[in-house]
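All remarks here apply to the structure that follows.
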Amino acid sequence: MYEVSEKRRIVVAEDDLAIQQVLCFFLRHNGFEVRGASNGQEAIRIIREFNPHLVVLDLVMRPVSGWDVLQWLRVNRLTPPIAVLVLSALVQMREQVLGFEEGAVEYITKPAQPSVVVERVRTILSLNMEQRLMLQHNRLDERRRVMERMQDIQPDDFSY
C-alpha cells in the first residue's frame, strides 16, 4: 500500500492583505497547506497551533514585527526548526545581513513574483537541516562581501 505524503505546511505572515492572498493562493495551488497571518502576533499564534515547516515572513508589520517573530523562533528553538523565508521591502544590505543573522534561510526583496517565492519555498523544503544551514551561511557571506565592496568604493571610482 502507498503512503500518503504529508502536505508541507506554510505560514504566510504579511500585513498587505493582497500580497498575502496571492501568495497563499499560489502556494495552495502548488500543493502546500497554507495559513495567513496579518501581523507578527497572529503569526506566532498560528505557528504554535499549525506547526508549519516554513514561514514566509514580512519584516515590517505591526503591532508585532517580523523581526520579533524571528527572535521568538530563535529563543523558543522549536523542534523541528522552522525554516524562514523573508519577503521584505527592506532592501538595504545591512537589513538583509541582520535577517540572516536572526535565522532566515532566504531573503527575497519585494516586489517578487509569486512563482519565484513558490520555487524558493520548494527549494528550501527540499533541503535537510545541514543544507539549510549551509545555504543560510552562504547567503550571509554573500551579503557581507557586497557590503564590504560597497564600503571600499570611493566617489572617484564612479565615471560619469
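A few points about this structure:
- Pairs are defined by a Cβ separation below 8 Å, a sequence spacing of at least 6 or placement on different chains, a first member in segment 91-120 that is within 18 Å of residue 60 (Cβ to Cβ) and among the charged types (D, E, K, R), and a second member that is in a loop (DSSP other than H, G, I, E, B) and modelled with pLDDT of 95 or more; the pairs so defined are 95/59.
- Filtered by the rule that a residue be surrounded by fewer than 22 Cβ atoms within 10 Å (Cβ to Cβ) and either farther than 19 Å from residue 21 by Cβ or in contact with a strand residue (DSSP E or B) (Cβ under 7 Å, 6 or more places away or on another chain) (or both), segment 33-44 gives 33, 35, 36, 41, 44.
- Evaluation of residue 17 against the conditions (1) out of contact with any Gly (no Cβ under 8 Å at 6 or more places or on another chain); (2) touching a residue at least 24 places away in the same chain (Cβ under 8 Å) shows that the sole unmet condition is (2).
- Residue within segment 1-14 that is modelled with pLDDT of 95 or more, in contact with a Ser or Thr (Cβ under 7 Å, 6 or more places away or on another chain) and either more than 24 Å from residue 123 (Cβ to Cβ) or surrounded by 17 or more Cβ atoms within 10 Å (Cβ to Cβ) (or both) present: no
- Residues in segment 107-121 that are loosely packed, with under 15 Cβ neighbours inside 10 Å, within 14 Å of the chain's Cα centre (by Cα) and in a helix (DSSP H, G or I): 116, 119.
- No other residue among 71, 131, 96 is part of a helix (DSSP H, G or I) and either of a type in the set (Gly, Ala, Ser) or more than 19 Å from residue 13 (Cα to Cα) (or both) apart from 131.
- Pair list, Cβ under 6 Å, 6 or more apart: segment 54-82 residue without any contact (Cβ under 8 Å) to a residue 40 or more places away in the chain, other residue part of a loop (DSSP other than H, G, I, E, B) and of a type in the set (Asp, Glu): 70/102
- When restricted to residues that are modelled with pLDDT of 95 or more, touching a helix residue (DSSP H, G or I) at 6+ places or on another chain (Cβ under 7 Å) and either assigned to a helix (DSSP H, G or I) or over 15 Å from residue 86 (Cβ atoms) (or both), segment 39-68 contains 6.
- Filter result for the condition that a residue is of a type in the set (A, V, I, L, M), surrounded by 13 or more Cβ atoms within 10 Å (Cβ to Cβ) and within 25 Å of residue 30 (Cβ to Cβ), over 135, 140, 90: 135
The values are calculated or read from the model by the stated rules, or taken from the named source; none is laboratory data. In this text the structure is predicted, and so the values were computed from the model without any measurement. Neighbour counts are summed over all protein chains in view; Cβ atoms, including those assigned to glycine, are modelled from backbone coordinates with ideal geometry.
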